[in-house]
Amino acid sequence: MSRLKKIETDKDSSGVKKPRKGRKEMINVTGMRDILPQDQKYWQAVSKVAEKVADDYGYGRIETPILEYTEVFARGIGKQTDIVEKEMYAFEDSGGDNLAMRPEGTAAIIRSYIQHGMINQIQPVKLFYAGPMFRHDKPQSGRYRQFYQFGYEAIGEPNPALDAQLILMGWNCLNELGLESVVQVNSIGCPTCREEFKKALVKYYKPKTKQLCESCQRRLIKNPLRLLDCKEEGCQKFKDGAPQILDYLDEECKKHFMKVLEYLDELDLPYVLNSQIVRGLDYYTRTIFEYWSNDDSEGKSAMGGGGRYDGLAEILGGRENTPGVGFSMGMDRIVSKLREKEINVTETYQPEIFVAQLGESAKKKTFVVYEKLRKKGFKVAQAFYKDNLKTQLELANKLKVKFTLILGQKEVGEGTILVRDMEGGIQEVVDFNKIENDIAKRLDKWHQQKLEKFTAPEEGDMPEVRPKGEKRAKDLEDFNDEADSNFEGAYGGGDAMFSGDNEDY
Ligand SMILES: [Zn+2]
Ligand SMILES: [Zn+2]
C-alpha cells in the first residue's frame, strides 16, 4: 500500500491557508524516521563515546550486512522469541532466498566469527559494532522499527572477569555521556540448570493462568522465563513470590556468577542483583545484565543490556563450547535520555569564521582565502552563492561565528581585508597577506577569554566543559567545605560521593 499523505492546504503569499489540489507529499515508513542535521550532534556524541570505549578496551570494529539468511536469526535468537516470531522483517527475495533484516547484532557477528575462522586468532576475539537494526514492533513512543544500536562482543573466553569488564564498559559509555545508570545483574544459568528453573516457574504460574495477561499466557507455554519480564501490572504482583533462578543454579554456574559479582564489587560501580531480569533472547547463558537509568526503577526503558551466550556459536554451526559475552546499547533511547536530561553535547558543526564578499573580483579572491583557512584547520563558513553583503552578514550571525572576514572591491584594490568582530560589531582593516596569522591570534585570544569566563568564581552557572585540573580543584573546595561544616557526614556516613575517591585528592 502506498503511503502518500495528501496535502490539504498550502499557504499563499499572505500566509492564508488555501486548498491545493493534485499534489501528494511522500512521508517516511511508520516507525522509521529521518535523523536531521540539527539532531546529529546527539548521535555523534554517542558514536564518539562508543568508539572511544572500543579503543580503550581493544575492541576492533566489525560491519556485518543488514541482510542475512533468516536462519541465522531464527536459529541464533530462537524461533520461539517475539523477535523471530513476530517482529522480524523477513522475506523471500526474487532469487528465492529467505532473508531477514538484522533485528540485532550478535547472531550475525557470531556467524562471521565462525565463517572467517576467527577461532584461530588470539581469544577472545573482541569486536565492536554500530548501526541500524530492524524490528516490526508496535510503534510507540521511543520505539522505532529502524533503531540504532552499538555493541561489543568478546568471543572465545569463558572467564568471568570478561563479563565484569563488559558490564563496566557499558556503564562507562553512559557515564561518559553524563547519564547515570544502575546495572541490573542476574544469572540465568546454563541450559541444564535453567530447565529445572523453567519447570518451577510453570508450576508456580500455572494455577494463576487466568489472572495473567494474554502474552504471559502464551509465555507460560512457549517461553516461561519471560513471565518474569512482563511489565503488565496484573502480572507484576506475582513476581515476588515466583521461584528465583539463583536457587536453581548448579555449582559451576553459581561459582561463575559469584566471581562476576566479586569483580563488580572491586570495580565499585552501582549495580543491583535483580533476579527478575531475563532478557528476551534464547541464546543467553549465565550472566545477563541491563542498564537502567537511575530514575527508571522498573526498567521500562532500559538503555542497553547483554550477557553471556556460551552456546550460540554451536547453534550457528561453530565449534562446541565456544564461549562468548557481550552487550548492546540502544542509541535511540540514549539520545532521548540526553535530550530529556538536557545534557549539552558539542555542536558537530560550529564555524568560528565567516568569509563574506562583495563584487565579482572579491568573490574570486575569497574562494582562495576560504580554501586556505579550511586547509589550515580553521572552522570556517561562507555563502559565495549570495551576492548581497547584508544577507551574508545575517547568515554569519545565525551561524554564531565570532569573526567575519569581508572582502570588497576597495579591499581588493588596497590588498587588505576587513575583520569584523560579530559580538561588538567592530571592524578592523588587516593586510590581506597576513590574514591567517591575524585571525589565528584573534581566535586564540577569544578562546582564552572564554576559558577564563568559564572558570571565574563569580560566574553563577556551571560550565559544561572545564579543564580537568579546574574541575578537581573545584571539587576539592566543595569537599573541604563539606568536611568543615559536617565532619561526621562527610566521613562517618560513607557518603557515596566521596567513597573511594579520596586518594585522588
Ligand atoms: Zn548451570
Ligand atoms: Zn504479563
Label-point separation in nm, Leu267 to Gln211, each point 7 Å along Cα→Cβ | 3.8 nm
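Need one number: % antiparallel among DSSP beta bridges in the chain, to the nearest 5. Before the final figure, lay out each step's value.
Values: 55 of 68 bridges.
Percentage antiparallel, nearest 5: 80.
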What is the diffusion coefficient of segment 378-420 in µm²/s, taking the Kirkwood radius over Cα pairs and the Stokes-Einstein relation at 25 °C with a viscosity of 0.890 mPa s?
-> 220 µm²/s
Selection from Ala164, Ala90, Ile221, by position along the positive dipole direction of the chain (Cβ) = Ala90
Cα-based Debye curve of segment 118-208 sampled at q = 0.10, 0.12 Å⁻¹ gives log₁₀ I(q)/I(0) of -0.48, -0.69
Cut-off 18 Å, label 7 Å out along Cα→Cβ of Asp421, residues of segment 331-375 by amide N = 352-354
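Holding the Cα-Cα limit at 27 Å, pick out from Lys231/Lys341; Lys341/Lys441; Lys52/Lys453; Lys365/Lys398 the pairs that are longer than that. Working shown, then result.
Values: Lys231/Lys341 24 Å; Lys341/Lys441 37 Å; Lys52/Lys453 29 Å; Lys365/Lys398 24 Å.
Going by Cα-Cα distance, Lys341/Lys441; Lys52/Lys453 fall outside the 27 Å limit.
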Amide H proximity to Arg286 below 5 Å, modelled H, separation 5+ or other chain, gives Ile188, Gly189, Cys190
With θ set to phi - 60°, apply the Karplus curve 6.51 cos²θ - 1.76 cosθ + 1.60 along segment 76-90 and write out the HN-Hα couplings as whole Hz, x wherever there is a Gly or Pro.
-> x, 7, x, 5, 7, 7, 4, 4, 6, 5, 10, 9, 7, 7, 10
Along segment 318-334, Karplus-curve 3J(HN,Hα) (6.51, -1.76, 1.60; θ = phi - 60°) to the nearest Hz, with x for Gly and Pro, reads x, 5, 4, 6, 9, x, x, 8, x, 7, 10, 10, x, 5, 4, 5, 5
CD proxy at 222 nm, helix term only [per DSSP H run n ≥ 4: -39500 (n - 2.57); per residue of the chain; nearest 500] = -11000 deg cm²/dmol
Taking alpha-carbon centroids only, segment 333-353 lies from segment 369-386 a number of Å equal to 24 Å
Most positive-pole-ward Cα, Gln140, Leu273, Tyr204, against dipole of the chain from beta carbon charges = Gln140
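Quick check for me: using +1 on Lys/Arg Cβ and -1 on Asp/Glu Cβ, what's the dipole size of the chain about its Cα centre, in debye to the nearest 20? Write out the running numbers ahead of the final one.
Numbers: 77 positive and 83 negative charges, 632 e Å.
It comes to approximately 3040 debye.
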Between segment 17-77 and segment 184-252, the alpha-carbon center distance in angstrom | 33 Å
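Which of rounded, prolate, oblate describes segment 171-327, given a ≥ b ≥ c as roots of the alpha-carbon gyration tensor eigenvalues and a/c under 1.5 marking rounded, otherwise prolate only if a/b is larger than b/c? Let's see the in-between values first.
Values: a/c = 1.72, a/b = 1.16, b/c = 1.48.
Note, shape of segment 171-327 comes out oblate.
Which entries in the list Lys206/Lys239; Lys400/Lys450; Lys364/Lys445 go over 19 Å, if you measure between the two C-alpha atoms of each?
Details: Lys206/Lys239 13 Å; Lys400/Lys450 15 Å; Lys364/Lys445 30 Å.
Those over the limit are Lys364/Lys445.
Of the GluC sites (Glu not before Pro) in segment 29-94, which ones lie in a loop per DSSP and count no more than 15 other C-beta atoms within 10 Å?
On the way: sites: Glu51, Glu63, Glu68, Glu71, Glu85, Glu87, Glu92; in loops: Glu63.
Those satisfying the criteria are Glu63.
Per the Kirkwood formula on distinct C-alpha pairs, the Rh of segment 240-376 is how many angstrom? Present the calculation step by step, with values, prior to reporting the outcome.
Numbers: mean 1/r = 0.0499 Å⁻¹.
Answer for segment 240-376: a Kirkwood hydrodynamic radius of 20.1 Å.
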Loop-located GluC sites (Glu not before Pro) in segment 202-272, at most 12 other Cβ atoms within 10 Å (DSSP) = Glu232
Compute log10 of I(q)/I(0) for segment 353-455 with the Debye formula, placing one identical point scatterer on every Cα and leaving out solvent, at q = 0.09, 0.16, 0.19 Å⁻¹, to two decimals.
-> -0.20, -0.64, -0.91
Kirkwood hydrodynamic radius (C-alpha pairs) into Stokes-Einstein, the chain, 10 °C and 1.306 mPa s, D in µm²/s | 58 µm²/s
Loop sites in segment 211-240: trypsin sites (Lys or Arg not before Pro), DSSP, at most 15 other Cβ within 10 Å | Lys231, Lys237, Lys239
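Mind checking the full-extension length gain between Arg374 and Leu451? Use 0.36 nm per residue of separation minus the Cα-Cα distance, one decimal, nm.
25.3 nm
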Around Thr348, which amide H atoms from residues at least 5 apart in sequence, or from another chain, sit under 5 Å from its own amide H, with H modelled in the peptide plane?
-> Lys41
Quick one: compute a quarter of the convex hull surface over the Cα atoms of segment 193-276 and quote it in nm².
-> 6.1 nm²
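The numbers here are math on the coordinates, done by the rules we state, and not lab data. For clarity, every value in this text was computed on a predicted model and none was experimentally measured. Note: ideal-geometry Cβ built from the backbone for every residue, glycine included; neighbour counts use all protein chains shown.
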